[in-house]
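One structure is given below, encoded as structure tokens.
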Amino acid sequence: MIKQGSQKVKKKGPARATMDAPGIRFWPKIAGRPAPEYLEASSSRITMEPMIRRALFLVVGLALACGLAVGMGKQYSNMHFVVVRDSNQKPIRNAAVILHPVTSKGKQKRGSLELKTDSEGKTGFDGVPYGLLRIQVIAPGYQTFGEDYEIAEPNREIIIKMQKPKDQVTIY
């Protein structure tokens, strides 16, 4: 009840927690029911930990289920590359290995991934989708390498042999 002038007016709306004393919250009983379990009086706030925890588990569970449903049809491969000299099989460090996805018609799709080899001439990438993949290798002092590979295995290692550039002959 709220007093307005000389009239008593009944306030409508949901019951709310009120502050009775500094740091103590009071939840009024509604129709003889106690406060909900998830509300707990604390020194300065009402906490809702169990309800938030349930909501968080629900959101995470739905996200995992959606992610698994989307990724169920796709298979992925772990690709490993070794880049060596063709003449003596020594590794080539800092060679750029570029992965281009390719359509079934042989056209390059948008987007590519560039990897660099380490001192042993090795590099790799996990999570390459199955299908056609164009691999291009660029290293200073060597001919550019490029070839298409069909990826259909869970693990694949490709050894790339780089050749020195050939002499060029120009005829006018």
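If only one of S119, S77 is in contact (Cβ under 8 Å) with a residue 12 or more places away in the chain and part of a loop (DSSP other than H, G, I, E, B), which one is it? Steps first, answer last, please.
Values: S77 fails: part of a loop (DSSP other than H, G, I, E, B).
Of the residues listed, the single one that is in contact (Cβ under 8 Å) with a residue 12 or more places away in the chain and part of a loop (DSSP other than H, G, I, E, B) is S119.
Of all the criteria given as (1) β-branched (V, I, T); (2) surrounded by fewer than 13 Cβ atoms within 10 Å (Cβ to Cβ); (3) farther than 19 Å from E150 by Cα, the one not satisfied by I92 is (2). Summed over segment 122-152, the residues that are modelled with pLDDT of 90 or more, assigned to a loop (DSSP other than H, G, I, E, B) and either among the polar types (S, T, N, Q) or surrounded by 12 or more Cβ atoms within 10 Å (Cβ to Cβ) (or both) give a count of 4. Look at K161 and say whether it is basic (K, R) and either closer than 19 Å to S77 by Cα or touching a Ser or Thr at 6+ places or on another chain (Cβ under 8 Å) (or both). Here the answer is no, as K161 does not meet what is asked. In a residue-by-residue description of segment 127-142, the property of being touching a Pro at 6+ places or on another chain (Cβ under 7 Å), farther than 23 Å from K74 by Cα and of a type in the set (S, T, N, Q) applies to no position.
Do any residues in segment 144-160 that are within 14 Å of T123 (Cβ to Cβ) have Cβ atoms under 9 Å from those of residues that are hydroxyl-bearing (S, T, Y), where the two are at least six apart or on different chains, and which pairs are they? Listed by first residue and then by second, the contacts come to R156/S77; R156/Y149; I158/Y149.
The values are calculated or read from the model by the stated rules, or taken from the named source; none is laboratory data. Keep in mind that what you see is a predicted model, and the values were worked out from it rather than measured. Cβ coordinates were reconstructed from backbone atoms using ideal geometry, including for glycine residues, and neighbour counts include every protein chain displayed.
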